[in-house]
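Worksheet: the structure to be examined is printed underneath.
The values are calculated or read from the model by the stated rules, or taken from the named source; none is laboratory data. Note that the structure is a prediction, hence the values are computed from the model and not measured. Here the Cβ is made from the backbone with ideal geometry for all residues, glycine too, and neighbour counts use every protein chain on show.
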Amino acid sequence: MSAIIIDGKKISQDIKDELKKEVEELNQKNIFPGLAVVLVGNDPASKVYVNNKKKACEYIGIKSFSYELPEETTEEELLNLIDVLNKTKEVNGILVQLPLPKHIDENKVLLSIDPIKDVDCFHPYNVGLVSIGKTDGFLPCTPAGIVELIKRTNIEIEGKNCVVVGRSNIVGKPVSQLLLGNNGTVTTCHSRTKNLSKVCQEADILVAAIGKAQFIKEDMVKEGSVLIDVGVNRLEDGKLCGDIDFEGCKDKASAITPVPGGVGPMTIAMLMKNCVKAAVMQN
Ligand code: NDP
């Protein structure tokens, strides 16, 4: 039996359309959500990400304020800008595109963002709220996108064996927490996990956030499982692929996300959701 191919493009479009409606309603109440997008330096991939975020803002009706700073920007200059943005009423959310140039302390910058404007949900205050189960504030974008993909495909998380491969602060750890919050039984794996294959074979829902092309093979997954692929890897021929061997696994799974077109588009949709939430929280 062939798996359901979870269409992240379609689901993210649905979310953006819902948000567009919500913003129209907010506008009626004189609430105009605004996002400051800060980019330091010339990293081409970062430029693409920032442009996609600005485009999504435009579609939904969120005002975006763009700050494109030169590579030589000092840490102090960046912190000063964030200080101003923290105090600017029209700016509900502040997004600093990572990675920052090496001479700037990323952690210091993320800590300087007012938690109420931290739409990436990277500030320890917001990370802490998520970890104690408070999920009515900001949610981490990629992890929340994954949960949304699962729920909107009518897949139950409660009681399921969820295995997350990866424990990074932006994906692995927070997605484990959200799945736990949804009453999954969660195992988080990493590079030191013993018998990884065996652990993965027990997963009803398997989330791969490793960063290694086609690492999860057919013999590692359970028949009928739900496979969520976060990985974005470029193959030698230039094509993108995930951390899961899609072709090998798709006939064994009950549902699977493609790369591209699965988790990727959800990240921006959930960022937009946080921006709208920020405007509501601040008004
Ligand atoms: P990191 O490199 O920060 O984390 C990778 C994780 O995988 C680590 O916890 C590491 O373990 C684990 N790992 C590495 N090798 C193995 C192995 N052989 N066996 C088991 N575990 C292993 O990556 P990110 O979490 O930032 O990203 C993961 C992938 O997701 C990347 O491809 C990235 O591009 C993609 N991504 C996609 C997004 C999207 O919107 N679609 C958003 C963010 C990321 P250890 O901790 O022990 O080193």
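Restricting attention to the stretch 245-253, does a residue exist that is of a type outside the set (D, E, K, R), within 8 Å of the ligand (Cβ to nearest atom) and outside any strand (DSSP E or B)? Scanning the stretch 245-253, I find no residue that is of a type outside the set (D, E, K, R), within 8 Å of the ligand (Cβ to nearest atom) and outside any strand (DSSP E or B), so the answer is no. Exactly one residue among 183, 154, 169 is without any contact (Cβ under 8 Å) to a residue 60 or more places away in the chain, surrounded by fewer than 17 Cβ atoms within 10 Å (Cβ to Cβ) and within 11 Å of the ligand (Cβ to nearest atom), and that residue is 169. In the stretch 157-166, the residue that is farthest from the ligand (Cβ to nearest atom) out of those that are assigned to a strand (DSSP E or B) and within 20 Å of the chain's Cα centre (by Cα) is 162. Residues in the stretch 173-186 that are polar (S, T, N, Q) and touching a helix residue (DSSP H, G or I) at 6+ places or on another chain (Cβ under 6 Å): 177 alone. Could you please let me know if residue 30 is surrounded by fewer than 19 Cβ atoms within 10 Å (Cβ to Cβ) and outside any loop (DSSP other than H, G, I, E, B)? No. Scanning the stretch 186-224 for residues that are buried (at least 20 other Cβ atoms within 10 Å of the Cβ), part of a loop (DSSP other than H, G, I, E, B) and more than 12 Å from the ligand (Cβ to nearest atom) turns up 203, 221. Only one entry in 150, 104 is in contact with a strand residue (DSSP E or B) (Cβ under 9 Å, 6 or more places away or on another chain) and farther than 26 Å from residue 69 by Cα, namely 150. Comparison of 148, 106, 75 shows that the only residue that is within 16 Å of the ligand (Cβ to nearest atom) and outside the structural domain of residue 200 (by TED's automatic domain parsing) is 106.
Tell me, which residue of the stretch 228-238 that is within 14 Å of the ligand (Cβ to nearest atom) and of a type outside the set (Gly, Ala, Ser) is farthest from residue 209 (Cα to Cα)? Among residues in the stretch 228-238 that are within 14 Å of the ligand (Cβ to nearest atom) and of a type outside the set (Gly, Ala, Ser), the one farthest from residue 209 (Cα to Cα) is 235. Scanning the stretch 254-283 for residues that are assigned to a helix (DSSP H, G or I) and farther than 26 Å from residue 90 by Cα returns 264, 265.
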